[in-house]
Amino acid sequence: LTPEEGRTYLYSVCTIDDQYNESDRVTLTLSFDDLTPPTEISNLRTTDLSVQVLWDPAYDSSGRIKYHVYLDGDHKGTTEETAFSITEMESGKRYQICVEAEDASGNKSEKECTTYPPIGIPLKHRQ
């Protein structure tokens, strides 16, 4: 068994002699710090009009990941889900939306960013 970062393991050892006498068990608890950030966010996208941001889950050996969502550099919220709704956006403006993953030890992935509306789609004019 290869230990994983961010986990605690319990090992017990005893010896048995030729006459099957068993020694007292010696137990050792080992905890391995989590030093590795979660994988990068992938498949980041938005849905039409609802401005719901969706992404594929990141992986981390600790199994516990939260996601931070940013709109034009401002932190809009944190979630443990792989979706987040953004409100208070203005029509006729292009936004940069970024998401980063953070594991239970505070390690953070690189931010993954997209634009809304996507580049190539013309901005609607205000009326």
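The set of residues in segment 64-89 that are assigned to a loop (DSSP other than H, G, I, E, B), open to solvent by 60 Å² or more (accessible area, probe 1.4 Å) and in contact (Cβ under 8 Å) with a residue 24 or more places away in the chain comprises ARG64, ASP72, THR87. In the set (1) over 11 Å from the mean Cα position of the chain (by Cα); (2) within 30 Å of THR8 (Cβ to Cβ); (3) at pLDDT 90 or above, the condition left unmet by ASP33 is number (3).
Applying the criterion of being under 11 Å from the mean Cα position of the chain (by Cα), of a type in the set (D, E, K, R) and in a strand (DSSP E or B) to the residues of segment 90-112, the residue that is surrounded by the fewest Cβ atoms within 10 Å (Cβ to Cβ) is LYS108.
Regarding LEU123, is this residue open to solvent by less than 80 Å² (accessible area, probe 1.4 Å) and modelled with pLDDT under 85? It is true that LEU123 is open to solvent by less than 80 Å² (accessible area, probe 1.4 Å) and modelled with pLDDT under 85. Only residues that are among the charged types (D, E, K, R) and either touching a Leu at 6+ places or on another chain (Cβ under 9 Å) or exposed (fewer than 12 other Cβ atoms within 10 Å of the Cβ) (or both) were counted across segment 31-63, and they come to 4.
The values are calculated or read from the model by the stated rules, or taken from the named source; none is laboratory data. None of these values were measured; they are calculated from a predicted model. Because the Cβ atoms are built from the backbone with ideal geometry, glycine has one as well, and the counts that use them run over all protein chains shown. Protein only, heavy atoms only, side chains kept; ligands, DNA and RNA dropped before computing areas. Shrake-Rupley method; radii C 1.70, N 1.55, O 1.52, S 1.80 Å.
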